[in-house]
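The values are calculated or read from the model by the stated rules, or taken from the named source; none is laboratory data. As the structure is a computational prediction, the values presented were derived from the model and not from experiment. Using ideal geometry, Cβ is built from the backbone for each residue, glycine included, and neighbour counts are taken over all protein chains shown.
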Amino acid sequence: MIDRYSRQILFPGIGEEGQKKIGNSYVVLVGCGALGTVIASALVRAGVGRLRIIDRDFIEYHNLQRQGLFDEEDIKNSLPKSIAAERHLKKVNSSVQIEGVVADVNFKNIERFVRGANLIMDGLDNFETRFLINDVSLKLNIPWIYGGAISSYGTTMTIIPHETRCFRCVSPTQIKPGAIATCDTAGVISPAPWIIASLQTAEALKYLVGSTEINRDLIIVDVWEGSFHRIKTLKRDDCPACRGNYEFLNGKFGIRATSLCGQNAVQVTNANIDRVSFETLATRLKAVGKVFYNEFMLTFIVDSQEMVVFPDGRMIVKNTSDEALARGLYAKYIGT
């Protein structure tokens, strides 16, 4: 189906050989929100051979302002983001192998999710998972492309294991909750993540075709001010990740409850639960509240609290940022 990619092949940086390399590549995208939807769409349209899309979340109306793959019908059907993305993108390019995975990426499963990939793409909204990606990138020698956007600005950089500086060289420690702006506090306009994701995708294509023009700087863009900055970054001699000390991958900083950016919601995970039977759980919860579910998630409403449970045992408590409350509701209704 050469005509599909004819304009891309005409571009000297790709050509026929580059297109073949793109078609033989396997990319893992972690996170399918504002950044991820743009990245996924662009890679599928570019003809990447295989794309795995991993996301833990479901679609809400406020997502539609900036997450271009989804529509109101997806919300009515209670579809998780990764499943909706897979369904939409298969209609765009049936020759690409697309796999939507509904899961929370953590230190117990990330190696399984990314092993064998040529490249990892960051479509995330939180720092702890980026530190985890950084560890697995260095351990398995898989490059990854960081991206983040908030308000009207965003940042991106490409990380080639053991060659460039890593993410932890630039950001040595975890960011404490509330220490930086989030979608909840600063908002976000769609051009910011769309431009950052486009820059990430350009870097992905460069890497996949073997270009020597890989960006080695930290790029900062503000679409409202119209500013574009490149900051040179260096490897840190005392970086634990570069030295092979993968603290996040080893579970040293495992987190049970996490506030979700832009949602006024808290996610609770339980390492002791591998799988939840929605049928069994619904039977138990119907005695105390309203329950409805499909194959992807179960929604439970009781005493004005709305909770969404996923098959892997995760629960998202909506309309709260109180992590202690969320953990308490989990223990009360799901278990410990």
Do we find that residue 48 is in contact (Cβ under 8 Å) with a residue 60 or more places away in the chain, closer than 30 Å to residue 251 by Cα and of a type in the set (Val, Ile, Thr) in this structure?
-> no
Of the residues that make up the range 179-195, is at least one within 26 Å of residue 25 (Cβ to Cβ), modelled with pLDDT of 95 or more and among the aliphatic types (A, V, I, L, M)?
-> yes
Among the residues of the range 309-330, is any among the charged types (D, E, K, R), assigned to a loop (DSSP other than H, G, I, E, B) and crowded, with 18+ Cβ neighbours inside 10 Å?
-> yes
Checking 300, 296, 253, 292 in turn, the sole residue that is at pLDDT 85 or above, outside any helix (DSSP H, G or I) and within 23 Å of the chain's Cα centre (by Cα) turns out to be 296
Subset tally (residues that are surrounded by 24 or more Cβ atoms within 10 Å (Cβ to Cβ) and not acidic (Asp, Glu)) for the range 45-57 = 5
Being among the aromatic types (Phe, Trp, Tyr) and free of Cβ contacts under 8 Å to residues at least 40 places away in the same chain narrows it down to one of 61, 5, so name that one.
-> 61
Is at least one residue of the range 114-127 surrounded by 22 or more Cβ atoms within 10 Å (Cβ to Cβ) and within 21 Å of residue 299 (Cα to Cα)?
-> no
Does the range 268-279 contain any residue that is in contact (Cβ under 8 Å) with a residue 24 or more places away in the chain, touching a Leu at 6+ places or on another chain (Cβ under 7 Å) and in a helix (DSSP H, G or I)?
-> yes
